[in-house]
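Here's the structure we're looking at; comments come further down.
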Amino acid sequence: MSALPPVTPPFDGPSAQVDPAGQVDWNAVRADFPLLLREVHGKPLIYFDNANTGQKPATVIEAMDGFYRRQNANVSRAVHQLGSEATEAYEGTRTRLARFLNVRGDELVLCSGTTFAINLVAYSWALPRLQAGDTILVSRMEHHANIVPWQLVAERTGAAIRVAEIREDGTLDLDALRRAMTSDVKLLALTHVSNVLGTVNPVREICREARRRGVVTVIDGSQAVPHRAVDVAAIGCDFYAFTGHKMCGPTGTGALWARREHLQAMPPFLGGGEMIKEVSFDGTVYNDPPHRFEAGTPNIAGFVGLGAAVDYLERLGMDHVEAREAELLAHLTEELARIDGLRIFGTAADKAAVVAFLVEGAHAHDLATLLDLEGVAIRSGQHCAHPLLQFYGVAATCRASPAFYNTHEEIEAFVAALRKVRTLLS
Ligand code: PMP
C-alpha cells in the first residue's frame, strides 16, 4: 500500500512564477494550467472563453483533490478532527476572500456564485422592503443575473424597473444615470465590468452619488474580481456579488459581500441546518450573519479550491494580471481592427479583455463553430445579455476573452484562423 501524503494545510503548492524583481515568467504561469496543454480536433487548444469560465491552476485542482483524500468531513458540526479541519479550511477561504477584497469576513456570505448572491439580495433585502411607487434602476449592459431577479421583485412588489442607458461606444451615459436616480429609486443594480463590452464602470463615483441620494447599490463584480485588484470597501457599495469560477476557482462557488447593517436586518433566504441557533416548534432563533444565509451543507471542497485560487492570484499579483491582460487586449484589438468588415462592440477607454465582434457576411455561430474546428474556443450568442444586444440591433455576436495565461502567439493564431474560416463562409 502506498503511503498517504501527509496532512498539510490545503493551500500549499507551487507559487506563481514571479521573480524577486517582480518580473513574471508568463510561460511558467501558463504551465500551471494543465488543461491548456490539450488539443481540440487535433489542433492545440486556444482557450479564449474566459469571460464564460476560467481555467484552473494545478494548485486549485490539487487542493480539492487533497481535501477529499485527506480531510473530507462536514463543516461546523462535528467535534472530531476531520470536522474541525474541514471547518478551518472552509472558514480559511472566507478569511482569504475578505483580505483579497478588503472587507470583513463576517460580512461575506459564501454561496454558489453571483446568481445566488444577487437573488439573495433580491429576496431577502428587496422583497420585504420595496412597494408600488418604488423604482429599481438597472443598466442596459447587465447580465441576466442582474436583471431577472429584479423583474421578479418588481412583479411581486409593484415596483418599477428603469433602465440606465449606454452610449454607442459601450460606456454608461453617466449624465443620464444621474438624471435617472430620482427620489423613487430605492436600488441601483450595476455591473462593475460588462461581460460583453468589457466596459469598466466608474463604480466608486456612481456609488458615492447613489449613497448621497439614499439609493442602495448592488454591484455585480463577476467580471471585475478575476481581472484587477478590487477594493470593495473603497467602492462604497452596499452589496458586491462575485463568482469563483471566473477567478481560477471551481464552479459552484462565489460570495456576496454586504454591509453589516444590511445583513443584520435581512431575514433568512433559505431555511435549514447551519442557519439557526436553536429550533423548536415554538419558534426558531436564526444564526448571526453570515451563517444565517448559508443553510445546508456548502460546497466545502469547492471553497477549499477557491481559497487556493485566491492564494494563486495573490502570489501572481492582481496588478500583474491586469497589466498582462491589457497588453493582450491591445494586441487582439489591433489585429481584429485590420480585418475588413469586422465590427467591435464596446470600445471604452477603460476596458477589460473582452472583445465582442461580428464579421460582415458571417453568422456568429457559424464563425464560432468553424473556429472550434481550428482548436479555438470563443463564445457566440447573446452572452446572457439580450437587452444589450437589442440596443445594438444584433441577434448575436462572437466574443473572444483572453486571460493572463494566454499568449501573443495565440492571438496571432486566432486571428489567422478567423481570416481562414471567414473565407469559407463568404
Ligand atoms: N454577471 C456577469 C457580469 C457574468 O459575466 C456572469 C457569468 N457569465 C454572471 C453574472 C453569472 O455568474 P454565475 O453564473 O457564476 O452565477
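The values are calculated or read from the model by the stated rules, or taken from the named source; none is laboratory data. Note that the coordinates shown come from a computational prediction; the quantities given were computed from them, not determined experimentally. Cβ atoms come from the backbone with ideal geometry, glycine included; neighbour counts cover every protein chain shown. Side chains are part of the model used for accessible areas, which takes the heavy atoms of the whole protein and leaves out ligands, DNA and RNA. Shrake-Rupley method; radii C 1.70, N 1.55, O 1.52, S 1.80 Å.
Okay, residues lined up against (1) farther than 13 Å from V215 by Cα; (2) part of a strand (DSSP E or B); (3) in contact with a Cys (Cβ under 9 Å, 6 or more places away or on another chain):
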site: A122; (1), (2), (3): yes, no, no
site: L130; (1), (2), (3): no, no, no
site: V138; (1), (2), (3): no, yes, no
site: W150; (1), (2), (3): yes, no, no
site: R156; (1), (2), (3): yes, no, no
site: I161; (1), (2), (3): yes, yes, no
site: L177; (1), (2), (3): no, no, no
site: S183; (1), (2), (3): no, no, no
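Considering only the stretch 206-322, give the strands (runs of 3 or more DSSP E) lying wholly within it that have at least 1 residues that are modelled with pLDDT of 95 or more.
Where strands (runs of 3 or more DSSP E) fall fully within the stretch 206-322 and carry at least 1 residues being modelled with pLDDT of 95 or more, they are 216-220, 239-243, 254-258.
Of the conditions (1) within 23 Å of the chain's Cα centre (by Cα); (2) open to solvent by less than 50 Å² (accessible area, probe 1.4 Å); (3) farther than 17 Å from D238 by Cα, E165 fails just one. Which one is it?
For E165, the failing item is (2).
Based on this model, can you work out whether I166 counts as in contact with a Phe, Trp or Tyr (Cβ under 8 Å, 6 or more places away or on another chain) and touching a residue at least 40 places away in the same chain (Cβ under 8 Å)?
Judged against the criteria, I166 is a match.
If you go through the stretch 192-205, how many residues are within 16 Å of the ligand (Cβ to nearest atom) and either more than 19 Å from the chain's Cα centre (by Cα) or modelled with pLDDT under 95 (or both)? Outline the logic, then answer.
Our first condition is that a residue be within 16 Å of the ligand (Cβ to nearest atom); within the stretch 192-205, this holds for 192-201, 203.
Within this subset, residues satisfying the condition of being either more than 19 Å from the chain's Cα centre (by Cα) or modelled with pLDDT under 95 (or both) are none.
The total comes to 0.
Being farther than 30 Å from A356 by Cα, surrounded by fewer than 21 Cβ atoms within 10 Å (Cβ to Cβ) and touching a strand residue (DSSP E or B) at 6+ places or on another chain (Cβ under 7 Å) is the requirement here; does A98 meet it?
Yes.
Is it the case, given these coordinates, that L316 is over 30 Å from L367 (Cβ atoms) and open to solvent by less than 30 Å² (accessible area, probe 1.4 Å)?
yes
Restricting the search to the stretch 323-349, which residues are in a helix (DSSP H, G or I), out of contact with any strand residue (DSSP E or B) (no Cβ under 9 Å at 6 or more places or on another chain) and not hydrophobic (A, V, I, L, M, F, W, C)?
E325, E327, H331, E334, E335
Out of the stretch 367-426, which residues are among the basic types (K, R) and either in contact with a Cys (Cβ under 8 Å, 6 or more places away or on another chain) or in a helix (DSSP H, G or I) (or both)?
Those that are among the basic types (K, R) and either in contact with a Cys (Cβ under 8 Å, 6 or more places away or on another chain) or in a helix (DSSP H, G or I) (or both): R379, R419, K420, R422.
Name the pairs whose Cβ atoms lie under 7 Å apart, with the first residue in the stretch 360-388 and in contact (Cβ under 8 Å) with a residue 40 or more places away in the chain and surrounded by fewer than 15 Cβ atoms within 10 Å (Cβ to Cβ), the second assigned to a loop (DSSP other than H, G, I, E, B) and polar (S, T, N, Q), and 6 or more positions between them or separate chains?
G361/S426
Might you check whether a residue that is out of contact with any Pro (no Cβ under 6 Å at 6 or more places or on another chain), touching a residue at least 24 places away in the same chain (Cβ under 8 Å) and within 16 Å of the ligand (Cβ to nearest atom) occurs anywhere in the stretch 80-100?
yes
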